[in-house]
Structure formats: C-alpha cells, structure tokens
Amino acid sequence: MTVTADKWIRPASAKGSHILRQGAEGASQSFVRGAPLVRSGGYLVVATSGAALDMVGFTAEAAHNDSSAGTHNVLYWPIEENPVFQGQLAGASAHTLAITDIGTAYGLAASSGKWYVDVDESSANQKSATVVDIVDPLGTSDGIVKFVLNKLGNPYVD
C-alpha cells in the first residue's frame with residue numbers, strides 16, 4: 001500500500017467552496033496536510049488515532065514544527081462546516097474500489113504521516129469514517145472516496 005501525496009484528506013466540496021479556519025498550533029507538531037486535528041490545552045495538535053472523539057478538522061497545510069506552542073497558526077478544514085471529506089481508501093495490501101465500499105465504515109490511519117481511510121481497521125470502536133461515494137473509477141487500486149465522520153470521530157454528530 002502506498003499513500004500518495006496528492007490523495008491527502010480534504011473536503012469533498014467543489015474547489016474553493018469549503019470553509020477554512022485557523023488556530024494556534026501546538027509545540028513540536030510535524031503533521032502533513034490532511035492530518036486529523038484535536039485540541040490539547042487549547043492548541044491544535046495531530047490526533048493520535050483516527051478514532052479521536054474530539055476531532056476538530058483536517059489540516060490544510062503542513063505543521064510548522066515550532067518548539068513553542070502558539071508561535072504559528074495552522075489552517076484547517078473544520079468538520080462541522082465541511083461534512084463530507086475525501087481521501088484515499090487503502091490497506092496493508094492494495095484495495096480495489098468496489099460499489100460495496102459505499103456505506104461501509106472504516107477507520108482512519110497514517111502511513112509515513114499521510115492519513116487515509118483504512119480498510120483493514122476492523123475494530124468497531126475504531127471505525128470513524130463511512131464511505132458515501134466513490135471518486136475514482138470502480139476497480140481503481142487504493143483510489144479516492146468521499147466519506148463522512150461517524151459519531152466516533154465527529155463530536156458534531158448526535
């Protein structure tokens with residue numbers, strides 16, 4: 001499985017129609033674009049798991065990796081205002097996009113710091129994303145899908 005740099009997690013809406021926010025970045029952050037963010041002590045930091053219950057959004061830029069918290073702001077796409085995201089659907093071995101992926105819940109995971117929707121996540125308490133549409137053609141290996149965050153990963157879902 002290869003998580004491709006151009007397949008990072010981002011809003012699935014038309015280019016330019018999504019909402020960006022900024023927030024103070026935590027100390028020593030080294031995330032790449034598309035990583036899930038949580039708040040820690042008021043600062044934005046990368047989630048340690050794709051099943052974080054308090055996810056606030058996905059990064060729109062790479063971290064600044066400052067030794068002090070709050071030195072830079074980081075741009076991110078808030079989940080409450082961008083309900084549908086897209087990203088690569090992949091696993092330990094190549095995953096072929098199929099119509100049965102739609103409606104299926106998967107986890108979120110990172111490989112070399114790049115986040116993706118993980119077909120290998122089988123634990124019910126880790127399945128934070130549900131595929132709602134397929135972007136790449138059916139049959140594509142490790143292709144792009146649209147997904148929503150389930151209650152597990154989205155504090156804005158009842």
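The values are calculated or read from the model by the stated rules, or taken from the named source; none is laboratory data. Because the structure is a prediction, the values reported are computed rather than measured. Cβ sites come from the backbone with ideal geometry, for glycine too, and all protein chains shown count toward neighbours.
Here is how the numbers come out for the structure above:
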| quantity | calculated |
| --- | --- |
| Matching residues in region 17-35 - criterion: being under 20 Å from residue 110 (Cα atoms) and polar (S, T, N, Q) | 28, 29, 30 |
| Long-range neighbours under 6 Å by Cβ, at least six apart or interchain, first residue under 15 Å from residue 23 (Cβ atoms) within region 76-88, second surrounded by 23 or more Cβ atoms within 10 Å (Cβ to Cβ) and among the acidic types (Asp, Glu) | none |
| In region 121-154, the residues that are of a type outside the set (A, V, I, L, M), touching a residue at least 24 places away in the same chain (Cβ under 8 Å) and under 23 Å from residue 38 (Cα atoms) | 121, 125, 126, 127, 128, 130, 146, 147, 150, 153, 154 |
| Given (1) buried (at least 16 other Cβ atoms within 10 Å of the Cβ); (2) under 15 Å from residue 7 (Cβ atoms), index of the condition residue 94 fails | (1) |
| Number of positions in region 81-112 that are farther than 20 Å from residue 27 by Cβ and either assigned to a strand (DSSP E or B) or of a type in the set (Val, Ile, Thr) (or both) | 18 |
| Strands (runs of 3 or more DSSP E) wholly inside region 1-80 that include at least 3 residues being modelled with pLDDT of 85 or more and closer than 27 Å to residue 95 by Cα | 57-59 |
| Cross-chain or 6+ apart pairs with Cβ under 6 Å, region 97-110 first and touching a residue at least 24 places away in the same chain (Cβ under 8 Å) and surrounded by fewer than 20 Cβ atoms within 10 Å (Cβ to Cβ), then polar (S, T, N, Q) and not in a loop (DSSP other than H, G, I, E, B) | 105/130 |
| Those residues of region 113-126 which are surrounded by fewer than 17 Cβ atoms within 10 Å (Cβ to Cβ) and in a loop (DSSP other than H, G, I, E, B), in sequence order | 113, 120, 122, 123 |
